[in-house]
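Before any comments, here is the structure.
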Amino acid sequence: MKNFLAGLMWLIATLASANDGSFYVNGNQLVPINETDVAVTKEVLTINICDDGYAEVDVLYEFTNQGAAKTIDMGFEAEAPYNGDPVPLPKIEHPYIEDFTVTMNGQPLSYKTSIVRAGSEEESTDFKPLSMQEWRLPNSNSMDEEDWGNNLINKKTKESITFSVAYLFKANFKAGKNVVHHTYRYQMSNGIYMTFEIPYWLTPAMRWANHQIDDFTLRIQAKNTAKQFAAKLQEIDPENDTAKQVLELK
C-alpha cells in the first residue's frame, strides 16, 4: 500500500470460544511528542499470531530528517486494559505488554513509562504525565458510576478519564535517513464473537511531518498452526468522525 494516510487495522478470529470479553491492549505507532519536520517514509509492520494467546509485533521504520541533526522526544501509547488485570499503580507498567524494545540506527534506546490521559480519534495524546498523587484507580466494590471501566478518578474533583501507559524515550536523529526497529509482545483481546482480536492504530502516524506513511507494508504470520481470521483496515475521516473500510482480507 503506497501513500497510505492512516487508519485502524485489526485481526479478528472467525470462531468464538469466550463467554465474556476482555480488552487487554492495542498496538500503536511510535510518534513525536512535539511538532517535528521529520517524515516517516517507510514502515514494515509484521504481526505474528502466536499459540500462547499473544501477538508479536515487529516494526521497521525509515525516517527522513531533511534538517540538521536533532533530538526528538518520542512516545508509544498503550491503552489501559478493560475486564483484565489493572495497571499496577503506583508502579507504572502495562500488565499485558512484554519485551518492549526500541533500536535506532543500530543503538538500543532506554525508555521510561508514565500514565497519561488517553488520546482519541478527535484529539491526539499530549503525553503529559499525570500525577498519581491526584488520581486513583476505580474501586471494584463501589456502586458509583465513575468506578466502572478502565479509567482514572480525580481524588478531589471526582472527574473520570480514560488513560494509557506511555512509553517515552529520546531519539537522536541524524541528517537524512534514520532507521528505527521496534518490537514488543502483547496479549490478544477476546470476546463473545471472537477467539482473539488484535487492534492496531495507524492514525497516530499523521503526527509526523508528512502526515502519512509514504510506503507501508503489512505482514501477518501464524507460525506452527493454521488459523482462520479476518484482517480489516479502515481509513479515518477526521471531518465527520467516520471510518471508511479500505482493505479486507479473509
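Throughout, read-outs are computed from the coordinates displayed, never taken from laboratory work. Quick caveat: nothing in here was measured; it's all calculated off a predicted structure.
Quick look at the values:
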item: Cα-Cα over 29 Å, subset of K91/K156; K112/K177; K91/K128; K70/K223; result: K70/K223
item: With 5 Å bins from 0: P(r) over region 152-213, alpha-carbon pairs, percent; result: 3, 9, 10, 18, 17, 15, 14, 8, 4, 1
item: Shape of region 35-84, Cα gyration tensor, a/c cut at 1.5; result: oblate
